[in-house]
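One structure below.
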Amino acid sequence: MRFFQPASFFMALFASAMAATTGVLQRATWYYAGLGACGRWNTNNDHVVALPPLEYAGGTRCGRKVRLHYQGKSVDATVADLCPTCAWNGLDLSIATFQTLANLDDGLIQMNWEYI
């Protein structure tokens, strides 16, 4: 059994790397909401986010709640879409979600987030 312990450790390490990392700043931009890849219509007033392809994981995270943090502000949102052009450390936020954290004119912010 000792042989499998290192393998288990590395599998757990890989799995944790795939999840949202609150210790690493993530890039966030905003987008106009509409029909999301999760199959529901969203408006710009909804608190929704679009995940990068790897984190979106084929839609398995649709409907999950996330908490975003930026400069002492926080907002909860729902995973509702895929951001195919986002890098591994990027999220797209609906207008309402982005505006809760920053001014739309900022365009891009570096924030932290986690699943809740």
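The values are calculated or read from the model by the stated rules, or taken from the named source; none is laboratory data. These numbers were taken from a predicted model, which means no experiment stands behind them. Don't worry about glycine lacking a Cβ; one is built from the backbone with ideal geometry, like all the others, and counts go over all protein chains shown.
Across the stretch 98-114, which residue is surrounded by the fewest Cβ atoms within 10 Å (Cβ to Cβ) among those that are over 11 Å from His69 (Cα atoms) and either in contact with a His (Cβ under 7 Å, 6 or more places away or on another chain) or of a type in the set (D, E, K, R) (or both)?
Here the residue is Asp105.
Considering Thr100, Thr85, which residue is of a type in the set (Ser, Thr, Tyr), out of contact with any strand residue (DSSP E or B) (no Cβ under 8 Å at 6 or more places or on another chain) and within 16 Å of Thr29 (Cα to Cα)?
Checking each option against the conditions leaves just Thr85.
Surrounded by 17 or more Cβ atoms within 10 Å (Cβ to Cβ), of a type in the set (A, V, I, L, M, F, W, C) and either assigned to a loop (DSSP other than H, G, I, E, B) or touching a helix residue (DSSP H, G or I) at 6+ places or on another chain (Cβ under 9 Å) (or both): does that describe Ala77?
yes
Can you tell me which of (1) surrounded by 14 or more Cβ atoms within 10 Å (Cβ to Cβ); (2) at pLDDT 95 or above; (3) not small (Gly, Ala, Ser) is the one Asn89 doesn't meet?
The one condition Asn89 does not meet is (2).
Conditions first: (1) touching a Lys or Arg at 6+ places or on another chain (Cβ under 9 Å); (2) part of a loop (DSSP other than H, G, I, E, B). Trp113 passes all but one, so which condition is the exception?
(2)
Would you confirm whether any residue within the stretch 60-71 is more than 9 Å from the chain's Cα centre (by Cα), of a type in the set (Val, Ile, Thr) and buried (at least 17 other Cβ atoms within 10 Å of the Cβ)?
no
Out of (1) at pLDDT 95 or above; (2) surrounded by 20 or more Cβ atoms within 10 Å (Cβ to Cβ), the odd one out for Gln26 is which?
Among (1) at pLDDT 95 or above; (2) surrounded by 20 or more Cβ atoms within 10 Å (Cβ to Cβ), the lone unmet condition for Gln26 is (1).
Here are some residues: Asp92, Asp46. Which one is touching a Ser or Thr at 6+ places or on another chain (Cβ under 6 Å), assigned to a loop (DSSP other than H, G, I, E, B) and touching a residue at least 40 places away in the same chain (Cβ under 8 Å)?
Checking each option against the conditions leaves just Asp46.
Can you tell me which of Val48, Val79 is at pLDDT 95 or above and closer than 19 Å to Gly107 by Cα?
Criteria check complete, one pass: Val48.
For the stretch 100-110, which residues satisfy the criterion of being assigned to a loop (DSSP other than H, G, I, E, B), touching a residue at least 60 places away in the same chain (Cβ under 8 Å) and aliphatic (A, V, I, L, M)?
Leu108 - this is the single residue of the stretch 100-110 that is assigned to a loop (DSSP other than H, G, I, E, B), touching a residue at least 60 places away in the same chain (Cβ under 8 Å) and aliphatic (A, V, I, L, M).
For residues that are in a loop (DSSP other than H, G, I, E, B) and within 23 Å of Gln99 (Cα to Cα), tally how many sit in the stretch 56-72.
Residues meeting the conditions: 5.
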